[in-house]
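Visitor: Quick one: the structure is below, questions incoming.
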There are 2 protein chains.
Amino acid sequence: MVERVEKAVQDFYPDEIAWCYGCGRLNEKGHHFRTGWLGDTDQTVTYYLPRKEHAAVPGFVYGGLIASFVDCHSTGSASLALHKKNGLELGEGEVPRFVTASLHVDYLKPTPQDVLLKAIGRVEEIHPKKWKVFTEVYAGETLCAKGEVVAVVMPDTFLKSSK
Amino acid sequence: MVERVEKAVQDFYPDEIAWCYGCGRLNEKGHHFRTGWLGDTDQTVTYYLPRKEHAAVPGFVYGGLIASFVDCHSTGSASLALHKKNGLELGEGEVPRFVTASLHVDYLKPTPQDVLLKAIGRVEEIHPKKWKVFTEVYAGETLCAKGEVVAVVMPDTFLKSSK
């Protein structure tokens, strides 16, 4: 049985901002990363099984794919956290959408292919519109990478320009 | 006329390590990033025109794609620099292959779609097998992101496992 997120924040992004190559449910060619709360904890989780072509060298996952995984997992985690802080459940009101201000990934071990990846996130508020997300990426039980992302609430300019 | 690198280091990676999703010439579904010296300078350059699906929101490029671009540009730059330090031109001897130890990207401005991206790199030796690459990513004339990567010579374990 493949583990999956039952209720993902990306399922609730408004249509006009659900086109992200990493996590947009409307982007047919994208990865469709989906991020939710890990059970009843204050941690977040995203699962992904990289495709065969997402290789660095045969047998190991491409670092850029892991960076993408950390990226969308983090903006999704920040969105989950702010929505919860606003006193709302997923499905109530409009979820906030974040963009990435900075992304840092430490590659600790080569990440094997054909293993389900799991990103576990811890979210910290820096400012009401600026959140930091600390992520651990596991392949099975093995910690392969650590991420640190500063995510900010998406500025209106993003949407104005897309219309 | 689209600017392009005439002689890219990735053209010279041995076949068994030319499958990277970002820059492997043999990966049919990958991005095929190509990195070379910027004219006669000590800077490196990689060009890329993101595809339509590589969006964050419509009109702007996905941050994970920019991270991938910085990643392969940086390992390619380190490879170019070490090969030159070894007194060799591209086409002479075997080029060294690097992997990413850490990746940092600061997203300075939203990166517009349908504009050729240019990564300009500066390489610094930390240790004979460990190099740091500082990258600026431009969309046209606009500086949109800055990257900092620590790249290390690919350990033998990568190749052993791929056989």
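The values are calculated or read from the model by the stated rules, or taken from the named source; none is laboratory data. This is a predicted model, so every value here is computed, not measured. Glycine gets a Cβ as well: all are built from the backbone with ideal geometry, and neighbour counts include every protein chain shown. Accessible surface areas use protein heavy atoms only, side chains included; no ligands, DNA or RNA. Shrake-Rupley method; radii C 1.70, N 1.55, O 1.52, S 1.80 Å.
Visitor: How many residues are open to solvent by 10 Å² or more (accessible area, probe 1.4 Å), assigned to a helix (DSSP H, G or I) and closer than 23 Å to B:Arg51 by Cβ when one looks only at the stretch B:7-23?
Guide: Qualifying residue count for the region: 1.
Visitor: Could you count how many residues in the stretch B:6-17 are aliphatic (A, V, I, L, M) and modelled with pLDDT of 95 or more? Can you show your working first?
Guide: If we filter the stretch B:6-17 for residues that are aliphatic (A, V, I, L, M), which is where we start, we get B:8-9, B:17.
Those left that are additionally modelled with pLDDT of 95 or more: B:8-9.
Here the count works out to 2.
Visitor: Cβ contacts < 6 Å: first residue more than 9 Å from chain A (Cβ to nearest Cβ), restricted to the stretch B:146-163; second residue open to solvent by 70 Å² or more (accessible area, probe 1.4 Å) and modelled with pLDDT of 75 or more, any location; separation 6+ or different chain. Result?
Guide: Every condition considered, the pairs that remain are B:Val152/B:Lys129; B:Val152/B:Lys130; B:Val153/B:Lys129.
Visitor: Report yes if A:Leu26 is over 24 Å from B:Val99 (Cα atoms) and open to solvent by less than 10 Å² (accessible area, probe 1.4 Å), otherwise no.
Guide: no
Visitor: Could I ask something else about it? Using the structure shown, decide if B:Lys132 is within 23 Å of A:Gly147 (Cβ to Cβ) and open to solvent by 60 Å² or more (accessible area, probe 1.4 Å).
Guide: no
Visitor: Test of understanding: among A:Ser74, A:Ser79, A:Ser68, A:Ser102, which residue is in contact with a Pro (Cβ under 6 Å, 6 or more places away or on another chain) and in contact (Cβ under 8 Å) with a residue 24 or more places away in the chain?
Guide: A:Ser79
Visitor: Among the candidates A:Ile66, A:Ile120, which residue alone is away from every other protein chain (no Cβ under 14 Å) and either farther than 21 Å from B:Gly63 by Cα or not acidic (Asp, Glu) (or both)?
Guide: Going through A:Ile66, A:Ile120 in turn, the sole match is A:Ile120.
Visitor: So is A:Glu136 among the charged types (D, E, K, R) and at pLDDT below 95 or not?
Guide: no
This table checks each residue for (1) surrounded by fewer than 16 Cβ atoms within 10 Å (Cβ to Cβ); (2) touching a helix residue (DSSP H, G or I) at 6+ places or on another chain (Cβ under 8 Å).
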position: B:Gly93; (1), (2): yes, yes
position: B:Val105; (1), (2): no, yes
position: B:Leu108; (1), (2): yes, no
position: B:Val150; (1), (2): no, no
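Visitor: So, B:Glu53, is that one under 14 Å from B:Ala8 (Cα atoms), in a loop (DSSP other than H, G, I, E, B) and modelled with pLDDT of 95 or more or not?
Guide: Here the answer is no, as B:Glu53 does not meet what is asked.
Visitor: Let me ask you something else. Please find, among A:Leu90, A:Leu38, A:Leu80, the residue that is over 14 Å from the mean Cα position of the chain (by Cα) and of a type outside the set (Lys, Arg).
Guide: A:Leu90
Visitor: Still on this structure, please answer the following. Taking B:Leu80 as the residue in question, decide whether it is away from chain A (no Cβ under 11 Å) and either in contact with a helix residue (DSSP H, G or I) (Cβ under 6 Å, 6 or more places away or on another chain) or open to solvent by 10 Å² or more (accessible area, probe 1.4 Å) (or both).
Guide: yes
Visitor: So B:Ala8 clears everything in (1) more than 9 Å from chain A (Cβ to nearest Cβ); (2) among the aliphatic types (A, V, I, L, M); (3) closer than 15 Å to B:Trp131 by Cβ except one condition, right? Which one?
Guide: The one condition B:Ala8 does not meet is (3).
Visitor: May I ask you to verify whether A:Val137 is in contact with a Gly (Cβ under 8 Å, 6 or more places away or on another chain) and aliphatic (A, V, I, L, M)?
Guide: Against the criterion (in contact with a Gly (Cβ under 8 Å, 6 or more places away or on another chain) and aliphatic (A, V, I, L, M)), A:Val137 qualifies.
Visitor: Let me ask another. I'd like to know if the stretch B:36-49 contains one or more residues that are open to solvent by less than 10 Å² (accessible area, probe 1.4 Å), free of Cβ contacts under 8 Å to residues at least 60 places away in the same chain and within 14 Å of another protein chain (Cβ to nearest Cβ).
Guide: Checked against the condition, which is being open to solvent by less than 10 Å² (accessible area, probe 1.4 Å), free of Cβ contacts under 8 Å to residues at least 60 places away in the same chain and within 14 Å of another protein chain (Cβ to nearest Cβ), the stretch B:36-49 yields no hits at all.
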